[in-house]
1. Using modelled backbone amide H atoms (1.01 Å from N, in-plane), which distant-in-sequence or interchain residues come within less than 5 Å of D106's amide H?
2. Heavy-atom accessible area per residue, segment 28-70, 1.4 Å probe: how many Å²?
3. Would you please give the residues with an amide H less than 5 Å from that of L42, counting only those at least 5 places away or on a separate chain, with H modeled from the backbone geometry?
4. Output ³J(HN,Hα) for segment 125-135: one whole-Hz value per residue in order, computed from phi by the Karplus curve 6.51 cos²θ - 1.76 cosθ + 1.60 with θ = phi - 60°, and x for Gly and Pro.
5. Counting only the backbone N, which residues of segment 125-157 are under 18 Å from the spot 7 Å out from the Cα of H110 toward its beta-carbon?
6. Keeping all protein chains in place and using 1.4 angstrom, which order do T107, T84 fall into by accessible surface area, from largest down?
7. Which loop trypsin sites (Lys or Arg not before Pro) in segment 77-157, with loop taken from DSSP, have no more than 12 other Cβ atoms within 10 angstrom of their Cβ?
8. Which ³J(HN,Hα) values, rounded to whole Hz and listed in residue order, are derived for segment 42-56 from phi using the Karplus coefficients 6.51, -1.76 and 1.60 in 6.51 cos²θ - 1.76 cosθ + 1.60 with θ = phi - 60°, glycine and proline given as x?
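The values are calculated or read from the model by the stated rules, or taken from the named source; none is laboratory data. Remember, it's a predicted structure, so these values are computed and weren't measured experimentally. Every residue, glycine as well, gets a Cβ built from its backbone with ideal geometry; the counts of neighbours run over all protein chains shown. Surface areas here come from the heavy atoms of the whole protein model, side chains and all, with no ligands, DNA or RNA. Shrake-Rupley method; radii C 1.70, N 1.55, O 1.52, S 1.80 Å.
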Amino acid sequence: MRISKFLFVSVLTLAMAGFSSSVNAASLPASGSTVNIKSNVLDEKSFTGLIIKGHTYVDLDGFVRCLPFQINSKALSFQSETKTFRVLNEDFAVSTPLLQFKVGSDTFQHNDEPFQMNSPVLLIQNRIYFPLKDIVSIYDINVSYDSQTKRVQVSKE
């Protein structure tokens with residue numbers, strides 16, 4: 001009786017673990033795969049991004065880790081009605097955003113100047129994803145893929 005109870009609990013645990021991993025796999029975007037990213041722009045940081053249609057995307061956390069300046073969390077703004085994300089200037093009294101992105105758009109603004117991107121900003125599972133290379137290139141930041149380590153490297157040129 002004790003062995004069969006142990007066996008039942010073990011099988012149930014394994015079944016739950018299998019279900020859990022299939023749910024996690026299903027939660028990844030169908031069009032993308034994960035990639036490890038290492039940034040040494042301000043200091044060395046590692047995180048995970050997505051490769052979607054050949055472009056490296058990062059969420060907000062990865063995005064701020066690749067910029068050549070610190071961002072105050074109070075300077076971040078997302079308007080859900082317009083799906084517009086803004087990084088405000090350090091002087092919060094200035095209404096002009098330093099950076100502005102709109103979900104689905106392949107352009108962004110830097111100090112009111114428009115820049116064209118090769119890929120649009122995406123919203124995946126209620127998280128905003130930025131096409132990394134298109135944005136950080138305006139700061140002379142290099143984004144490269146190391147095929148041996150299978151890692152994206154982000155560094156100041």
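1. none
2. Numbers: 2110 Å² over 43 residues.
On a per-residue basis, segment 28-70 sits at 49 Å².
3. The answer is none.
4. 3J(HN,Hα) across segment 125-135, in whole Hz: 6, 6, 10, 8, 10, 10, x, 4, 4, 4, 8.
5. Residues 130-144, 154-157 fall inside that zone.
6. Values: T107 55, T84 10 Å².
Descending order: T107, T84.
7. Details: sites: K83, R86, K102, R127, K133, K150, R151, K156; in loops: K83, K150.
Listed in order of number, the matching sites are K150.
8. 9, 8, 6, 9, 10, 7, 10, x, 10, 9, 10, 6, x, 10, 8
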